[in-house]
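Okay, structure first, notes after.
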């Protein structure tokens, strides 16, 4: 479900200014239907038993919430291509900001001791930042929908 509100203000000729607000969400309604191939999961678990892969995927909770952005767009209708040249700036007040923790998939038996195992997996087991930008500035030659 996505909503878009905008107010188009004609400036002159083919030039229009449009403040806008976009909000909505794109949720996974039936999480039990989002699964990995069971044969592939068995193959991964056989290769990396300590990782414990499951058929069901994990969904980042922050991505399931209401999202919004607001901003302003300057649009110039280009007569040759019959499409608008759009320049817009947007602010994201409801952005996702979290860390993703990947599973450690290294096989402990391949390392001579615990210290070498810990040193090998340390760079790969760190949490990955997943932070959306606060502001966006873009241009395009196309229609919105």
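Annotations for the structure displayed:
- Here residue 84 passes the criteria (1) surrounded by 12 or more Cβ atoms within 10 Å (Cβ to Cβ); (2) under 26 Å from the mean Cα position of the chain (by Cα); (3) in a strand (DSSP E or B) except the one numbered (2).
- Set 23, 53: member being touching a residue at least 12 places away in the same chain (Cβ under 8 Å), surrounded by 11 or more Cβ atoms within 10 Å (Cβ to Cβ) and not in a strand (DSSP E or B): 53
- Considering residues of segment 56-79 that are under 24 Å from the mean Cα position of the chain (by Cα) and more than 21 Å from residue 100 (Cα to Cα) only, the residue surrounded by the most Cβ atoms within 10 Å (Cβ to Cβ): 73
- Of all residues in segment 106-145, those satisfying the criterion of being assigned to a helix (DSSP H, G or I) and more than 27 Å from the chain's Cα centre (by Cα) are 108, 109, 110, 114, 115, 116, 117, 118, 119, 120.
- Per-region count, segment 71-93, residues in contact (Cβ under 8 Å) with a residue 40 or more places away in the chain and within 30 Å of residue 31 (Cβ to Cβ): 2
Values in this text are rule-based calculations from the coordinates and carry no lab data. Owing to the predicted nature of the structure, the values given are computational and were not obtained by experimental measurement. Here Cβ is always computed from backbone atoms with ideal geometry, including for glycine, and neighbour counts include all displayed protein chains.
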